[in-house]
Amino acid sequence: DKGTVDAIHDAPEKVQMLESAASLLQPDGILISISFATAAQVLLLRRVAAKLQLKLALLIVQAQKEIRLLSLLGRSWDTSIVDSLGDQELTKRELDKLLYTGPLRSEQFVAFDNKQLAMSIMVEQEVKKQRLGEDSTGCVVWPSAHSMCAHLCAHPELVRGKRVVELGAGTGLVGLVCGALGASEVVLTDLLPGVELLQKNVALNSAALGETPIKVAELRWGKEAAKKVMPSGCDGCDVVIGCEVIYQHDDETAQALVEAMRFLVREDGICLMAYEFRDGLMQDAVFFDCANEVFEVSGESLVQYGFGLSSEDGDDRMLYTYHLKKTQQ
């Protein structure tokens, strides 16, 4: 197929065309499709392959100054031959850009896979619902969440056997990965409108979480509110995590976030906060100034994990680790 998928504008018709073409394949046959390289096309091909239980290989090829997507669908093939086709580094880099420049708002479900996980973590997004009176950006998975999950998988000792609480959990992806990595307990928190989505995603991943208890709690940041999510007699959590929760807050909210971190983390615990540099850094400085008064901080780049960034992007996506200062213990 050369361009037929591009010529069809209706998504169900694209799927029907690919299914019809795949039905013509011999047992060892391959459907080869060339199309424009778009995130929508990649995701559609993945859905079709999963539905038909076919293998899928994607290659990005250079077409003068543009790129095209070369897709192979089949029941079986020699993996070494497929791997030898095209520029694998170009494919990885360009697919990364396509899929992780921002949230995949067209997708109801988003998955995170890693060899450290026995099963994929799948979360539902609220792609159409607008939460009345609340910021709806937490309804979807941002690329930084994938990066933070990859970092946790590379360093599972950060959460394994630890009590973890996630602030502003959104879909709950990062906290659920902590549970799958062997955290002793995970509490996912967000504002009230986000609680239902978190509960749904906990249920969706029950098989992947094993015996790890996962709780969902409403939490509006601040010391007094944070008390509500702490188990009775608990001296704090080992790890407090937050991913993309620092973004253009007013001064009161930024201070409340630091208070929640300070109250929730135990004296020898850590807070892990993933942050992406964007417009509004001056406003975000309020949080960093408040946090620096209470915590010792170290930072490391998350760019190495990709998900839309490359080494050329420097330190645009960071993970900050906070330890309570001795004067605060």
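The values are calculated or read from the model by the stated rules, or taken from the named source; none is laboratory data. Because the structure is a prediction, the values reported are computed rather than measured. Positions of Cβ are generated from backbone atoms using ideal geometry, with glycine treated the same way; all protein chains shown enter the neighbour counts. Side chains are part of the model used for accessible areas, which takes the heavy atoms of the whole protein and leaves out ligands, DNA and RNA. Shrake-Rupley method; radii C 1.70, N 1.55, O 1.52, S 1.80 Å.
Brief remarks follow.
- Note on H151: accessible area approximately 10 square angstrom, rounded to 10, probe 1.4 Å, nucleic acids and ligands left out.
- At the listed q of 0.13, 0.16, 0.27 Å⁻¹, the Debye profile of segment 32-91, built from one uniform point per Cα, gives log10 I(q)/I(0) equal to -0.33, -0.50, -1.22.
- Share antiparallel - DSSP beta bridges, segment 192-329, percent rounded to 5: 70
- Accessible area expressed per residue, the chain, with surrounding protein chains retained (probe 1.4 Å, Å²): 50
- The chain: angle of helix 11-23 to the longest principal axis, Cα-based, in degrees nearest 10: 50
- Solvent-accessible surface (1.4 Å probe) assigned to Y320 amounts to roughly 40 Å².
- 22 Å Cα-Cα threshold exceeded, pairs from K55/K92; K55/K115; K162/K215; K215/K326; K162/K228; K51/K97: K215/K326; K51/K97
- Overall, segment 173-329 carries a charge dipole of about 620 debye about its Cα centre when +1 sits on the Cβ of Lys and Arg and -1 on the Cβ of Asp and Glu, all other atoms neutral.
- Under the Debye formula (equal points on every Cα, no solvent term), log10 I(q)/I(0) of the chain at q = 0.07, 0.10 Å⁻¹: -0.33, -0.65
- For the chain, relative contact order (Cα pairs under 8 Å, six or more residues apart, normalised by length) works out to 13 percent.
- Positive dipole terminus of segment 33-121, leading residue within T101, G74, L44 (C-beta point charges): L44
- Residue ranking by accessible heavy-atom surface, 1.4 Å probe, largest first, among S301, S23 comes out as S23, S301.
- Each residue was assigned an accessible area with a 1.4 Å probe, and for L324 the value is about 10 Å².
- Exposure ranking of R163, R93, R75 by accessible area [1.4 Å probe, largest first]: R75, R93, R163
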